[in-house]
1. Keeping to region 182-218, report how many residues are more than 11 Å from the ligand (Cβ to nearest atom) and in a helix (DSSP H, G or I).
2. Which number in (1) assigned to a helix (DSSP H, G or I); (2) more than 30 Å from residue 213 (Cα to Cα) marks the one condition that residue 321 misses?
3. Across region 181-203, what is the number of residues that are within 18 Å of residue 232 (Cβ to Cβ) and buried (at least 18 other Cβ atoms within 10 Å of the Cβ)?
4. Limited to region 166-181, what total is found for residues that are within 16 Å of the ligand (Cβ to nearest atom) and part of a loop (DSSP other than H, G, I, E, B)?
5. Between 307, 270, which is under 30 Å from residue 7 (Cα atoms) and buried (at least 17 other Cβ atoms within 10 Å of the Cβ)?
6. Give the residue, chosen from 163, 137, that is without any contact (Cβ under 8 Å) to a residue 12 or more places away in the chain and more than 10 Å from the ligand (Cβ to nearest atom).
Ligand code: ADP
């Protein structure tokens, strides 16, 4: 995950990425990275405090339940092998492949509209992401649906590298799409995202959460409690489904039948979300007060990651006859 937007994670990151990781940490050897270099592809010119942002992401990882004794939790920039492998992969990756990546095209067009320059790093983003994955000779990458195209290009780069050096150095990584394949909506009805200012953060207070939920987009024609609502198009109802799977159907039916108002639904939803986030926030407060503990987790994670990364790089340098 990238520590963009101050590094704090939101409910979409939690359900779409973090929880699926936590569910797997007992059964897999897992590397959970904070992609600080990656976030520079879009924020390099903004002079943000990346070190602090990475720390916030680490706190969210730990607070939600990632266990540093079960998986490696580390910062990309603590493992220089990512940069070395990125360089070597960039020598064998055709530019045409990168120019065809849909997210690159979108971002490029957006940047050009704003009359600024497209960086070399932005084009190379999938190469760095490939290095991130195959540096650990990973077999699987748990990602949201939006990432499937990027994993496909990683498979192609890994395959091309293996063919060029005539050795099976890298397995072709497989995208494991989370069971939660849906998208958590933000308060305005678009995808919840750091860039849209529509997110509820794990670090928000219960009050902030209630306030945000109160602003959520609902059924525009439901003015009075007795007006019928359309749960399928209502942010409060969609979030209720995510956070109250056992009872949401009753709430939906009452909403549809005009037996409850949006105010009541929002009040209940905020309480449910706050109850869910309570243990995460409690751990967050502890970790915020103990920076050395967070640093020590990142150091331990970097050591674990570097050990695996340096083994791979020995194979890669040999295969490329650099050593
Ligand atoms: P953001 O859009 O807030 O910048 P990222 O693109 O950094 O989020 O996403 C980090 C991870 O969180 C990815 O695995 C992505 O699939 C997941 N994710 C982000 N937003 C959502 C959402 N609204 N619903 C589900 N998963 C999400």
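1. Step one: filter region 182-218 for residues more than 11 Å from the ligand (Cβ to nearest atom), giving 187-189, 202-218.
From what's left, in a helix (DSSP H, G or I): 206-214.
Looking only at that region, the number is 9.
2. (1)
3. Of the residues in region 181-203, the ones within 18 Å of residue 232 (Cβ to Cβ) are 181-192.
If we keep only those that are buried (at least 18 other Cβ atoms within 10 Å of the Cβ) too, we end up with 184-187, 192.
Adding up the residues that qualify gives 5.
4. Taking region 166-181 and keeping what is within 16 Å of the ligand (Cβ to nearest atom), we get 173-181.
Then drop every residue that is not part of a loop (DSSP other than H, G, I, E, B), which leaves 173, 178-181.
Of the residues in region 166-181, 5 are within 16 Å of the ligand (Cβ to nearest atom) and part of a loop (DSSP other than H, G, I, E, B).
5. One residue alone meets the criteria, 270.
6. Details: 137 fails: without any contact (Cβ under 8 Å) to a residue 12 or more places away in the chain.
On inspection, the qualifying residue turns out to be 163.
Values in this text are rule-based calculations from the coordinates and carry no lab data. These figures come from a predicted structure and were not determined experimentally. Every residue, glycine as well, gets a Cβ built from its backbone with ideal geometry; the counts of neighbours run over all protein chains shown.
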